[in-house]
Amino acid sequence: MISRAEFKEIRNNGVWHQNTSLVQILGLCPLLAVTSNMVNGVMLSLATILVMAIANVAVAALRNLIPHEIRIPVFILIVAALVTVVDLVFNAQFHELYQVLGIFIPLIVTNCIVLARVEAFANRNPPLQAAFDGVFMGVGMLWTLALLGGLREFIAGGTLFAGIDMVIPALRPWQILPEDYPGFLLAILPPGAFIVLGCLIAWKNWVEARAAARRSRGQPATTLSNLAGGA
């Protein structure tokens, strides 16, 4: 079983305190490459969450049976098997999106986020805790990629949810700015991804600094993690 305090710690670490994209700065290749819009970032994050959760449970359940000397190859084999299944499902169910995401779905096998959590957490904890760690680390990646992709998409073209029809054919992108909006090409290019990511990291650091200042004055801090902790 898992205590409430332990659950909150795992949740807050994954979503905020140890956010893989804004704090650990892991998995930058897919983070910057696929977030040209929100839909791409969300779908890749969902695939990563599924792989991380199941891989963490598998490794945690088998951790006492895996020889220490060959643990990394075994971890990679487990992750690769799961990624193969996810890759085939995407190809079958979301073929157009699968072609857009391209190599980045198979590259989940070598994603630093997945291997880092398998080695650092799942290999040292029971399956239930490992499952929650995989899910919430993935959720931290999910909201970061969704926000990054949404900001880049909005600045570049004035839209949100571009490509949603590749996931749900009945839906269409949301045109927020006028259709004659000229766009801002830099936002959708790789340099724009670095700039927007840097702004998000700076925003998180500002929120943390403000919360620390409030705590030092004895005032309640209203950070994302505190709001999550009160839920």
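The values are calculated or read from the model by the stated rules, or taken from the named source; none is laboratory data. As the structure is a computational prediction, the values presented were derived from the model and not from experiment. Glycine gets a Cβ as well: all are built from the backbone with ideal geometry, and neighbour counts include every protein chain shown. Heavy atoms of the whole protein, side chains included, go into the accessibility calculation; ligands, DNA and RNA do not. Shrake-Rupley method; radii C 1.70, N 1.55, O 1.52, S 1.80 Å.
Hey, could you pull the Cα Rg and Dmax for the stretch 9-70, both in Å?
14.5, 42
Counting heavy atoms of the protein chains only and a 1.4 Å probe, report the per residue accessible area for the stretch 46-189 as a whole number of Å².
Result: 50 Å² per residue.
Keeping all protein chains in the complex and leaving out DNA, RNA and ligands, what accessible area do you get for H95 with a 1.4 Å probe, in Å² to the nearest 10?
It works out to around 90 Å².
Grab the alpha carbons of the stretch 101-231, take their convex hull, and tell me the volume per residue in Å³. Don't skip to the end; give the middle numbers.
Details: hull volume 25.1 nm³, N = 131.
In the stretch 101-231, the Cα hull volume divided by residue count equals 192 Å³.
For a label point 7 angstrom out from the Cα of F194 toward its Cβ, which stretches of the stretch 15-39 have the backbone nitrogen within less than 17 Å?
Flagged as within label range: 25-36.
FRET efficiency for R124 and I103, Cβ-Cβ distance as r, R0 = 35 Å, nearest 0.05?
Working: r = 31 Å, r/R0 = 0.90.
The computed FRET efficiency comes out at 0.65.
Quick one: how many Å² of I54 are accessible to a 1.4 Å probe, rounded to 10?
Approximately 80 Å² of I54 is accessible to the 1.4 Å probe.
How high is the relative contact order of the stretch 140-204? Use alpha-carbon pairs under 8 Å, at least six apart in sequence, and give a whole percent.
Averaging sequence separation for qualifying contacts and normalising by length gives 33 percent for the stretch 140-204.
Over the chain, what relative contact order in percent results from Cα pairs under 8 Å that are six or more residues apart?
Computed value for the chain: 30 percent relative contact order.
Summing -39500 (n - 2.57) over the DSSP H runs of n ≥ 4 in the chain and dividing by its residue number, what mean residue ellipticity at 222 nm do you reach, to the nearest 500 deg cm²/dmol?
Mean residue ellipticity, 222 nm, calculated: -20500 deg cm²/dmol.
With all distinct Cα pairs included, what does the Kirkwood hydrodynamic radius of the stretch 46-154 come out to in Å, to one decimal, could you say?
14.4
Once phi is turned into θ = phi - 60°, what whole-Hz ³J(HN,Hα) does the Karplus curve with 6.51, -1.76 and 1.60 give for every residue of the stretch 44-51, x standing for Gly and Pro?
Ordered by residue, 3J(HN,Hα) equals 5, 5, 4, 4, 5, 4, 4, 5 Hz.
Given contacts defined as C-alpha pairs under 8 Å and at least six residues apart, what's the relative contact order of the stretch 63-137, whole-number percent?
31
Measuring from label point to label point, each 7 Å out along Cα→Cβ, what is the W174 to L77 span in nm?
If labels sit at W174 and L77, their model points lie 4.6 nm apart.
Over the chain, with a single point scatterer placed on each C-alpha, what log10 of the ratio I(q)/I(0) does the Debye formula yield at q = 0.12, 0.15 1/Å?
Values, matching the q order: -0.73, -1.06.
In what order, largest first, do R152, R210 sit by accessible area if the probe radius is 1.4 Å?
Of R152, R210, the descending order of accessible area is R210, R152.
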